[in-house]
Amino acid sequence: MNQLLDVKDLSIAFETNEGLLKAVSNVSFQLHENAILGIVGESGCGKSITAMSLINLLPSNAIVSSNQMLFNGMDLRSIDKNKLYEIRGKDIAIIFQEPMTSLNPLMKVGQQITEMIRLHENSTLKEAKQKTQWMMKKVGLSNVKKLYHSYTHELSGGMLQRVMIAMAMICQPKILIADEPTTALDVTIQAQILELMKQLNKENHTSIIFISHDLGVIKEMCTEVMVMYLGYCVEKADTSVLLKHPAHPYTYGLLQSIPNPKKGKSRLYAIPGRILKLSERPKGCPFCTRCKRATEKCRTQLPELQEISTNHFVRCFYPLDHPQN
Amino acid sequence: MEKEILLEVKDLKKVFKTPKSKLFEKQSGVRAIHEVSFKIYKGETFGLVGESGCGKSTLGNIIGGLIPPSEGIITFENKSISTLDKKEAKSLSRNIQMIFQDPYSCLNPRKKIGWILEEPLRVHHIGTKKELRRTVYEMLHEVGFDKSYYNRYPHELSGGQRQRIGIVCSLMLHPKLIIADEPVSALDVSVQATILNLLKDLQEKYQLTYLFISHDLNVVEYMSDRIGVMYLGQLVELGRVEDLYNNPLHPYTRSLISAVPNVYDDKYKNKTSLKGEVPNAMHPPAGCPLCTRCPECMNQCKTIQPPLIEIEHEHYVRCHKYL
Amino acid sequence: MKKRKYSFNFYIGIVIVAFLLGIVIVSFFYTPYTVTQMNIGKKFLKPCWEHLLGTDHFGRDILSRIMMGSQTAFQVGLISIGIGLFFGILIGSIAGYYGGIVDEILMRIMDAVIAFPGLLFALMFVAVLGQGIVNTMIALGIMSIPQFARITRSGFLQVKPLKYIDMAKSIGVSNFRIMMVHILPNVISPLIVACSMGFASAVLAEAGLSYLGLGVQPPNPSWGRMLSESQMYLLKAPTYSIVPGIFITLSVLGFNLLGDGISAIRDPRK
């Protein structure tokens, strides 16, 4: 499989009044062609800004540094502005959590998609319109001619998210960044949208970076998962491996704290303590304040990301047992 | 043993009137709750699931006394709520308390935690100032806070901590029924578990009855003894958790259960996903509410509303298939 | 307590207001001369050691009259703001809390009051009910009601849909208590700012009315009245008109700056 995206040692910090706030530290990941990479974590773990930094969509007080950020052999760190605008939308598209606020309420939805085509492709208005309607049909919208001339407030959340996806997919991007695309939707609608994204992934060979806090959704969508905690990548593996044999105590805790029908009504496992603020990041392992297995070493030294089995990385001094070891 | 009924809801209806846009326009309404009936037994957790806009929160608010029903009877401990006078209504509000979804707006930002927790007792004239303070300390200790939290403001607390304060606040009056309206949906996964455990512990300790409202089927299943499934203001299925999950009868329940992404299920589930979207509540279908999306829709579904019937013991469904 | 950052405006405002308040307090116990004591032989004196700010056309001590005038200014400000605040909060909270037709009626009445130009209304009021300081205060008070009512109402509309109000209701808190204890404290900071600014405009309005001869009646001193009496002698005794002018400006400036400063800091979340 071809490597589409190769990011090494990505760090992001924000300049604030109280000084430099480190939000993401030394995150590395690769995205292969046709793959779906999941980034999972709780609020404030840096999962969204990691993805946003790829196409430079961060606020101006952010400082991004990395050893490598290759997209299709092109260095994303050093490209000029015009090139970046070209990549945005055409090669790397993005859909957000809130479809309601991500679309312009004063513009017809069809027009918004058509504009996307006209920005990136040399096509006449008529061609672009036709392509828009074709794409709208493809993402499962019916009565396309009428919808083309609707405004956002006339559409439901599920339909808007379909419009967002149509807009993102219209230029057949190589990478689609989906930032919690179904969190604001109902479960039956969520199932429809997930199905649609999988289908697009198969048919158009678009790679997806799928950001979510819901391990259930991740399990259904992704081939590979990266678990983030307080700006660090704490575990990275194939989805099935990670869910079956979590090696990092945090991943394990996350999985255990989801109600399991098989275990019945016994008490849930709850990770003790609270999620720290970014400004309170401990010196050692980010998870040491909530980890039962933490030792003095964990509190003072930051563990490195180590490979414990093929393609299974974990950032922990004492990873949980793995059957292959 | 006959179970004791704590709360009974009969033929409850609620129509929200929409504001008139023209002076002589005929006033229309949104049907939020339509012919909902169920019982809650003492000591159980009754779960209410459904998607956004299905009326589950409205139902919670009506039972909690925040908004009046349009029609129907609610009985609490064999007393009809609608016929209560002001004094009785106040004592009733002691027995039914609510927990809300958003931990960020459920605590008054201008008041200290201690004040917020004392307020229920103050309003009901229980105890002197000293006693209030002592009770609050005890309750804070109960959910794992030390005394210093008495003098803190809500913005100094994290989301999970605030939700715990919200829970304590609803417990101050030792109510019999607690209506928990999406108590964990706004919280991170690792914090959710803490709150769910706490709710279970408190239920055991104080013999509480919960009306647990959520859109998250995993959570509802974990918490509840019996579950009601709502769709477009109607109760479409009602039954014990085991029955409902092992043998879902209504097509909506079935698709709802199959649509939930589950970490623990190994096999790829056979999805019976629903097509289309929830119809506008201002113009609900004439027949079964699901008829516009149902894969098994028959002719009579479109015109006749099915009644809620008992299929097996304690398992009700509102569907033409079972008539 | 956490340390708060106060703005520069706030400090200046505080200093000016404290200075004026000091004058008011001192004037209750001591003025250099009796205010009404005339001395024709000593009229239009320039500032000197005997009369620090000079004397007026009847030979009365200007400093003493300014000091007594400050009492009038503060009295008018406080009482008219008090009237406005009381009825404004009452009307605004009822309108904001209950909404619907009640809100509609109350706020239309407020609109009607706003529609009158303030000074004109006060003139009419005083003309109909008679001149004097009491009627002036009532007129100014009524004119400031809509402003407070609007601020209160908009605050109520913001806070009312929040969940802690539902929570209070479910506990069994009465409507009145929810309005006054649960919601009002969240609305109080814009009200304080409005009070401060309103105080300034009340002082100004009183000066204006008295200048026109409708407010405070002679021989009681008032800054506005002094200004109007002095204008005939503007060239002969410039200090006579400059001094009350400075004090009116000072009090308006002081309270406006104070209001500005308060609005910047009255937020515990910052």
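Observations on the model:
- Test: residue in segment A:221-230 that is touching a residue at least 24 places away in the same chain (Cβ under 8 Å), under 15 Å from the mean Cα position of the chain (by Cα) and facing chain B (nearest Cβ under 9 Å): yes
- Test result for A:Val40, crowded, with 19+ Cβ neighbours inside 10 Å and within 14 Å of another protein chain (Cβ to nearest Cβ): yes
- Filter result for C:Gln147 (more than 28 Å from C:Gly215 (Cα to Cα), in a helix (DSSP H, G or I) and among the polar types (S, T, N, Q)): no
- Answer residue from segment A:231-242, given it is in contact with a strand residue (DSSP E or B) (Cβ under 8 Å, 6 or more places away or on another chain) and within 14 Å of another protein chain (Cβ to nearest Cβ) and is surrounded by the most Cβ atoms within 10 Å (Cβ to Cβ) among those: A:Leu242
- Candidates C:Val113, C:Val128, C:Val134, C:Val102 - the one that is under 27 Å from C:Ser189 (Cβ atoms) and without any contact (Cβ under 8 Å) to a residue 12 or more places away in the chain: C:Val102
- Annotation: of all residues in segment C:248-258 being surrounded by 22 or more Cβ atoms within 10 Å (Cβ to Cβ) and not hydroxyl-bearing (Ser, Thr, Tyr), the one that is nearest to C:Leu78 (Cα to Cα) is C:Phe255.
- Segment B:221-241, residues that are surrounded by fewer than 23 Cβ atoms within 10 Å (Cβ to Cβ) and either within 15 Å of the chain's Cα centre (by Cα) or more than 10 Å from chain A (Cβ to nearest Cβ) (or both): B:Glu221, B:Asp225, B:Arg226, B:Arg240
- Unmet criterion (only one of (1) closer than 25 Å to B:Glu221 by Cα; (2) more than 10 Å from chain A (Cβ to nearest Cβ); (3) of a type in the set (Lys, Arg)) for B:Lys147: (1)
- Check on A:Ile177, within 16 Å of the chain's Cα centre (by Cα) and either within 14 Å of chain B (Cβ to nearest Cβ) or assigned to a strand (DSSP E or B) (or both): yes
- Single unsatisfied condition, C:Leu85 versus (1) within 14 Å of chain B (Cβ to nearest Cβ); (2) buried (at least 19 other Cβ atoms within 10 Å of the Cβ); (3) over 30 Å from B:Asn61 (Cα atoms): (1)
- Single match in B:Glu138, B:Glu142 (criterion: touching a residue at least 12 places away in the same chain (Cβ under 8 Å), more than 14 Å from every other protein chain (Cβ to nearest Cβ) and closer than 23 Å to B:Thr194 by Cβ): B:Glu142
Residue by residue, here is whether (1) over 23 Å from B:Leu208 (Cβ atoms); (2) buried (at least 16 other Cβ atoms within 10 Å of the Cβ); (3) modelled with pLDDT under 85 holds:
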| position | (1), (2), (3) |
| --- | --- |
| B:Met98 | no, yes, no |
| B:Arg110 | yes, yes, no |
| B:Gly127 | no, no, yes |
| B:Lys147 | yes, no, no |
| B:Glu156 | yes, no, no |
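For every residue, the table says whether it meets (1) under 30 Å from B:Gly64 (Cβ atoms); (2) of a type outside the set (Lys, Arg).
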| position | (1), (2) |
| --- | --- |
| C:Arg177 | yes, no |
| C:Val181 | yes, yes |
| C:Leu191 | no, yes |
| C:Tyr211 | no, yes |
| C:Ser241 | no, yes |
| C:Pro244 | no, yes |
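- Pick from segment B:97-133, criterion acidic (Asp, Glu) and closer than 17 Å to C:Ser170 by Cβ, ranking: farthest from the other protein chains (Cβ to nearest Cβ): B:Glu118
- Residue count, segment C:151-180 (criterion: within 8 Å of chain B (Cβ to nearest Cβ) and in a helix (DSSP H, G or I)): 9
- Listed by first and then second residue, the pairs linking a residue in segment B:45-73 that is farther than 28 Å from B:Glu242 by Cβ and more than 9 Å from every other protein chain (Cβ to nearest Cβ) to a residue that is among the basic types (Lys, Arg) and surrounded by fewer than 21 Cβ atoms within 10 Å (Cβ to Cβ), with Cβ atoms under 7 Å apart and 6 or more places separating them unless they lie on different chains, are B:Pro69/B:Lys13; B:Ser70/B:Lys13; B:Glu71/B:Lys13; B:Gly72/B:Lys10; B:Gly72/B:Lys13; B:Ile73/B:Lys10.
- Which numbered condition B:Arg94 fails, given (1) within 14 Å of chain C (Cβ to nearest Cβ); (2) under 29 Å from B:Asp201 (Cα atoms); (3) out of contact with any His (no Cβ under 7 Å at 6 or more places or on another chain); (4) assigned to a helix (DSSP H, G or I): (3)
- Within segment C:197-242, the residues that satisfy the criterion of being aromatic (Phe, Trp, Tyr) and surrounded by 21 or more Cβ atoms within 10 Å (Cβ to Cβ) are C:Phe199, C:Trp223, C:Tyr240.
- Number of positions in segment A:171-192 that are of a type in the set (A, V, I, L, M) and in contact with a Lys or Arg (Cβ under 7 Å, 6 or more places away or on another chain): 1
The values are calculated or read from the model by the stated rules, or taken from the named source; none is laboratory data. Everything quoted here is computed from the prediction, not taken from an experiment. Here the Cβ is made from the backbone with ideal geometry for all residues, glycine too, and neighbour counts use every protein chain on show.
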